[in-house]
1. Summarise the accessible area of the range 107-235 (1.4 Å probe, protein heavy atoms) by the percent that is carbon and sulfur.
2. Over the range 107-235, average the accessible area per residue using a 1.4 Å probe and give it in Å², no decimals.
3. Order the peptides 140-148, 225-233 from the highest to the lowest mean number of other Cβ atoms within 10 Å of their residues.
4. Output the direction-averaged projected area (hull surface divided by four) of the convex hull of the alpha-carbon atoms of the range 107-235, in nm².
Amino acid sequence: MTNDLPPRRTFSVRARLLSVTGLAVVASVLIWHSQMADLLAFDSAADKQPVVAGGPGGSPPPQVPLKSTGVRKTPSETPTVSPKPKPKKTPTKTSKTTGTAGKSQYSEESIEGLSPKLRTRLTKAMTAAKAAGVPIRINSGRRSAAKQRRLFNEAIKRYGSYQAAIRWVLPPDKSAHVQGKAVDIAPQAAMVWLNKYGYRYGICRPYDNEPWHFEALTTPGKKCPPRKTSSAAELG
Ligand SMILES: [Zn+2]
């Protein structure tokens, strides 16, 4: 009989311990989750953003049933076909290996690898945009030459010729992305915002056909230079 008490006590202590650690785990998971939810909400909102849509007067309510009749396209501004192959997100990120000199330690989808000038300016612009309710997401900032080469080769295949490809993707030695001097952003509202206010931070959209692509092309507060039709102009 006396044997009964001690084990029961240890059991209840253990149970209490378990529930305490359980609570701690649950709490930390909840905290982590809410942090991730922020990130994910941001991300998925961006992903759901229609490529072609949205009058500048206000973003369309998401629940409105889409009738194909009402959809308007402005071809020069918003090509329906996404011209760039979706970057596969895995390869560059897992560079935890022994950092060979110059090998990408940065994430392409961040400001990390950008030139100091563009990084500083973009950081300010992103803060202002966020405050205005228009978060800017970076789809592609600095790229390795190898990745740019791959994208360029894919573009040649996709568009059928070198001349057609350079309208969308430049070879590594010509690409501002490889130098960390360009960013591709999303969603569309962010493109519209940065196109309108980017000059305040010295950031401009250089090409008619790439509403997502921005570079530090002017003195902050000064007008942006006239846009070129496409990146092919860089090789002309
Ligand atoms: Zn770009």
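1. It is 54 percent, rounded to a whole number.
2. Details: 5930 Å² over 129 residues.
Per residue, the range 107-235 has an accessible area of 46 Å².
3. 140-148, 225-233
4. 7.2 nm²
The values are calculated or read from the model by the stated rules, or taken from the named source; none is laboratory data. Keep in mind that what you see is a predicted model, and the values were worked out from it rather than measured. Please note: Cβ atoms are built from the backbone with ideal geometry, for glycine as well, and neighbour counts cover all protein chains shown. Protein only, heavy atoms only, side chains kept; ligands, DNA and RNA dropped before computing areas. Shrake-Rupley method; radii C 1.70, N 1.55, O 1.52, S 1.80 Å.
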